[in-house]
Amino acid sequence: MPRGRRTDMYPSTEDLLKIRDSKPVDARAFAAVNADPELWAEIKRLAEVKDALQALPMLKPPSEAWVKIAAASESHPVPSSHWLLRGAIAATAALAAILLVMSSSEGPQTPLPSTTVAEVIGPGESGWNIARGLATPTYTSLVAESARLERQLNEIGYKPRLIRAGTATTITGLEDQISLIDAQLMYSRVNGLQPGQAEELQRTRVDLMNALLKVHHAHAQRFGF
Amino acid sequence: METMGTKVPEIDQALVVNACRGNREAHSRLYELCAPMVYTLARRMLTSPAMAEDILQETFIEVIRKIDTYRGDAGFGFWVRRIAVNKCLMHLRSAWSSRRVDMELSDVVCPRTEGKQAEKQIILERALAELPETSRVVVWLHDVEGYTHKEIGQMMSRTTSFSKSQLARAHERLRIILSGECPEDEEQICTPVLKTY
């Protein structure tokens with residue numbers, strides 16, 4: 001805001017913006033502006049900022065966005081990846097907290113075999129290639145597959161009444177890795193990753209999503225939720 | 001309403017009719033025409049690329065699902081833009097958005113702008129991103145999208161005066177950031193711009 005008080009009625013930034021936008025303004029404020037070249041200069045500057053904001057370039061949307069939208073709009077509502085993962089992580093954290101309370105109150109239990117991320121994915125195994133039998137899926141098909149898996153995951157929901165700590169850890173681990181991949185994909189547009197690298201990240205994401213689904217399916221079968 | 005900033009595309013009525021009938025190609029074409037507007041709007045208002053992508057997806061899923069509710073009162077592009085603005089405001093109200101800081105601005109400059117013009121745009125982008133969320137949203141909706149204070153107040157469930165005062169605050173802060181003036185109590189506002197440039 002301009003400094004210095006030259007008249008009894010010193011116009012506020014709101015007054016200056018009204019004059020800039022040719023809107024009605026208090027007569028005394030207008031008189032004060034008329035008497036002060038600095039205030040006119042400030043109005044000119046405000047107009048220049050507005051022009052500059054309007055001149056900012058349009059941004060190109062991510063190339064794979066339509067694939068996800070088309071996939072989601074064909075069926076029922078599907079939360080986008082980021083929200084799904086946020087929800088998943090929040091749900092897992094809540095479950096972990098519940099389990100902690102339950103385990104401390106129930107005392108020792110018969111240990112169940114735990115599941116690890118490595119066991120779910122398997123050494124050197126590509127869940128996508130095995131499940132789909134495709135040697136070199138394209139980036140677009142990988143994105144579509146990711147969306148399909150997210151849809152399935154969403155259908156299962158996060159509603160288990162009881163979950164083993166080992167399973168919870170596995171789920172959290174998988175979700176953390178998926179979040180990491182998402183972050184890498186997000187920044188890949190800026191960092192200029194090669195198409196092959198982005199495809200590899202998408203492939204890994206599909207594998208992790210498959211693994212996450214397996215864990216949830218296994219848990220659902222065991223506990224029947 | 002004025003058409004400024006994120007250019008609202010003109011959509012052929014026949015295309016909208018086809019889209020209403022569930023024609024997938026028409027949906028795809030509508031997306032092609034409107035996606036840059038929606039994505040740009042979301043990036044400017046929310047700054048986060050990930051959130052902007054969420055908005056893009058949510059907006060078009062809603063557009064496709066609710067296209068039969070479009071009554072043709074305003075241009076189709078304006079209808080889409082209103083959905084996108086509402087989605088952005090909903091995100092800003094959510095608990096998640098307040099914790100999101102994954103802003104990155106490297107991809108904001110149009111490839112055709114070079115030199116000083118590009119530099120000015122980057123500085124302005126960064127200054128805009130440094131504004132408090134509410135001020136940023138108001139200055140964008142008013143100065144760029146051409147919404148009135150009354151409309152902004154209604155969309156944000158606030159008063160017209162609230163919108164006016166937020167616009168004034170936004171410009172006061174922008175002036176400080178862009179001029180490089182750095183009062184001690186506002187050092188955190190200015191530092192990112194001054195450090196880089």
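If you take the accessible area of A alone plus B alone and subtract the pair, what total do you get in square angstrom, rounded to 100, with a 1.4 Å probe?
4500
Once the whole set of protein chains is in place, how much accessible area is left on B:Tyr31, using a 1.4 Å probe, in Å² to the nearest 10?
It works out to around 20 Å².
Once ligands and nucleic acids are excluded and a 1.4 Å probe is used, how much of A:Arg151 is accessible, expressed in Å² to the nearest 10?
50
On a 1.4 Å probe surface of the protein chains, which of B:Cys20, B:Cys88 comes out largest in accessible area, and what is the full order?
B:Cys20, B:Cys88
Compare B:Asp73, B:Asp143 by solvent-accessible area with a 1.4 Å probe and give them largest first, with all protein chains kept in place.
Largest accessible area first, the residues go B:Asp73, B:Asp143.
Using a 1.4 angstrom probe and counting only protein chains, how large is the accessible area of A:Asp176 in Å², to 10?
My reading of the accessible area for A:Asp176 is about 80 Å².
Taking Rh as the Kirkwood radius, which is the inverse of the mean 1/r over Cα pairs, what is the Rg/Rh value for the stretch B:115-190?
1.03
Starting at the first residue of the stretch B:62-74, write each ³J(HN,Hα) from the Karplus equation 6.51 cos²θ - 1.76 cosθ + 1.60 with θ = phi - 60°, in whole Hz, x for Gly and Pro.
The phi angles translate into 5, 4, 5, 6, 10, 4, 6, 8, 5, 9, x, 5, 10 Hz.
Ignoring ligands, DNA and RNA, please state the percent of accessible area on the stretch B:2-98 from carbon and sulfur, probe 1.4 Å.
Here carbon and sulfur together make up 49 percent of the probe-accessible area.
Heavy-atom accessible area per residue, the stretch B:115-190, 1.4 Å probe: how many Å²?
Solvent-accessible surface per residue comes out at 43 Å².
Which of the lysines could a cross-linker span from B:Lys66 if the Cα-Cα distance has to be under 30 Å and same-chain partners fewer than 8 positions apart are dropped?
List returned: A:Lys60, A:Lys68, A:Lys159, B:Lys7, B:Lys87, B:Lys150.
Suppose we look only past 17 Å in the calculated P(r) of the stretch B:2-98. What percent of the Cα-Cα pairs does that tail hold?
Here the long-distance tail beyond 17 Å is 47 percent of all Cα pairs in the stretch B:2-98.
The values are calculated or read from the model by the stated rules, or taken from the named source; none is laboratory data. In this text the structure is predicted, and so the values were computed from the model without any measurement. For the accessible areas, the whole protein counts, side chains as well, though only heavy atoms, and no ligand, DNA or RNA atoms are used. Shrake-Rupley method; radii C 1.70, N 1.55, O 1.52, S 1.80 Å.
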